[in-house]
Amino acid sequence: MTEFIALIPAAGSGSRMGEAVPKQYRPLAGKPMIYHALRTLCSTDRIGTVCVVLAPDDKEWVRHDWDEFSGKIRIFNCGGATRAESVTNGLKALRAANCVQDQDWILVHDAARPGLSHALTERLLDQLAEDEVGGLLAVPLADTLKRADDTDRVVRTESRERLWQAQTPQMFRAKLLLEALEKAPASITDDASAVEALGFSPRLVMGDAYNFKVTYPQDLKLAELVLQARCNTKRIS
Ligand code: CTP
Ligand code: MG
């Protein structure tokens with residue numbers, strides 16, 4: 001039977017956040033940032049395994065208690081120099097551990113997107129489980145787009161028609177994803193681009209604004225608000 005496996009690349013250094021501790025461990029709503037995505041993915045029944053890819057020299061993971069996820073998570077200290085390398089190494093580690101078959105679905109999700117909800121995860125699974133290629137969560141662009149010259153003067157206004165912002169999870173079959181990432185140019189910043197480079201057209205599934213990537217210090221407050229609001233909603237309902 002085809003399985004759903006989540007893979008969280010968490011081997012980055014968070015250079016744009018500018019803190020000593022990598023951002024995936026930064027406290028948010030009382031927990032390390034990565035905890036929130038882990039909780040959503042581990043508590044999604046259809047997902048059987050959640051694989052976390054850490055940097056080989058990670059010193060933070062062991063400082064926290066992950067017991068509540070022990071039935072589902074697999075940890076691999078095989079992160080690479082880029083996100084794509086970390087995902088590739090994670091897929092190879094899963095294969096070496098006999099945890100994945102070629103046709104299993106892999107949901108790659110950034111540790112730095114703590115706002116992923118259950119509803120979005122379920123929507124992605126529902127819409128792509130029978131898809132030929134796979135796809136990703138994304139949101140249509142809302143703002144007007146300006147093309148600039150090298151002095152920050154507007155050259156022209158670009159059409160935003162049919163432009164989407166990619167999010168994660170991005171969901172592809174294990175064999176296709178590994179082949180795509182191994183052949184991909186070094187410049188890619190997500191999994192779908194690697195699959196596109198092989199000539200496939202991943203499907204876009206509607207995400208939401210809460211699933212943004214925490215990148216800069218100013219993103220932290222917003223992430224905190226999203227997580228707290230979710231906690232409060234759960235308490236009321
Ligand atoms: N990531 C990874 N291995 C890398 C680089 C990134 O596993 N060599 C992971 C990050 O930990 C994060 C996700 O990929 O969960 C998205 O990357 P990004 O937001 O760019 O995180 P960082 O690379 O850590 O941040 P920065 O680019 O600011 O250094
Ligand atoms: Mg990065």
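The values are calculated or read from the model by the stated rules, or taken from the named source; none is laboratory data. This structure is a prediction, so every number in the text was calculated from the model and none was measured. With ideal geometry, Cβ positions are generated from the backbone for all residues, glycine too; neighbour counts draw on all protein chains shown. To get the accessible areas, we keep the full protein, side chains included, count just its heavy atoms, and leave off ligands, DNA and RNA. Shrake-Rupley method; radii C 1.70, N 1.55, O 1.52, S 1.80 Å.
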Taking Arg95 as meeting all but one of (1) in contact with a helix residue (DSSP H, G or I) (Cβ under 8 Å, 6 or more places away or on another chain); (2) under 23 Å from Thr215 (Cα atoms); (3) more than 16 Å from ligand 2 (Cβ to nearest atom), write down the number of the exception.
(2)
Looking at segment 4-86, what strands (runs of 3 or more DSSP E) fall wholly within it and have at least 3 residues that are within 16 Å of ligand 1 (Cβ to nearest atom), closer than 24 Å to Glu179 by Cβ and open to solvent by less than 40 Å² (accessible area, probe 1.4 Å)?
4-10, 47-54
When you go through Arg123, Arg95 one by one, which is the residue that is open to solvent by 60 Å² or more (accessible area, probe 1.4 Å), in a helix (DSSP H, G or I) and under 29 Å from Leu222 (Cα atoms)?
Arg123
Take the conditions more than 17 Å from the chain's Cα centre (by Cα), within 16 Å of ligand 1 (Cβ to nearest atom) and in contact (Cβ under 8 Å) with a residue 12 or more places away in the chain and apply them to Ala97. Does it pass?
no
When you scan segment 59-67, do you find a residue that is within 16 Å of ligand 2 (Cβ to nearest atom) and not polar (S, T, N, Q), even just one?
no
Out of all the residues in segment 75-92, which are more than 11 Å from ligand 2 (Cβ to nearest atom) and either closer than 17 Å to Leu38 by Cα or in contact (Cβ under 8 Å) with a residue 24 or more places away in the chain (or both)?
Ile75, Phe76, Asn77, Cys78, Gly79, Gly80, Val87, Thr88, Asn89, Gly90, Leu91, Lys92
For a quick check of your reading of the model, give me the residue pairs whose first member lies in segment 143-156 and is open to solvent by less than 100 Å² (accessible area, probe 1.4 Å), whose second is in a loop (DSSP other than H, G, I, E, B), with beta-carbon atoms closer than 8 Å and at least 6 apart or on different chains.
Thr144/Arg160; Leu145/Ser159; Leu145/Arg160; Leu145/Leu163; Val155/Asp149
Can you pull out the residues in segment 124-141 that are more than 13 Å from the chain's Cα centre (by Cα) and closer than 15 Å to His109 by Cα?
Leu125, Gly134
Pick out the one residue from Leu204, Leu222, Leu181 that is touching a residue at least 24 places away in the same chain (Cβ under 8 Å) and either open to solvent by 70 Å² or more (accessible area, probe 1.4 Å) or more than 16 Å from ligand 2 (Cβ to nearest atom) (or both).
Leu204
If a residue counts only when it is within 18 Å of Glu85 (Cβ to Cβ) and under 15 Å from the mean Cα position of the chain (by Cα), which strands (runs of 3 or more DSSP E) contained entirely in segment 149-212 have at least 3 such residues?
164-173
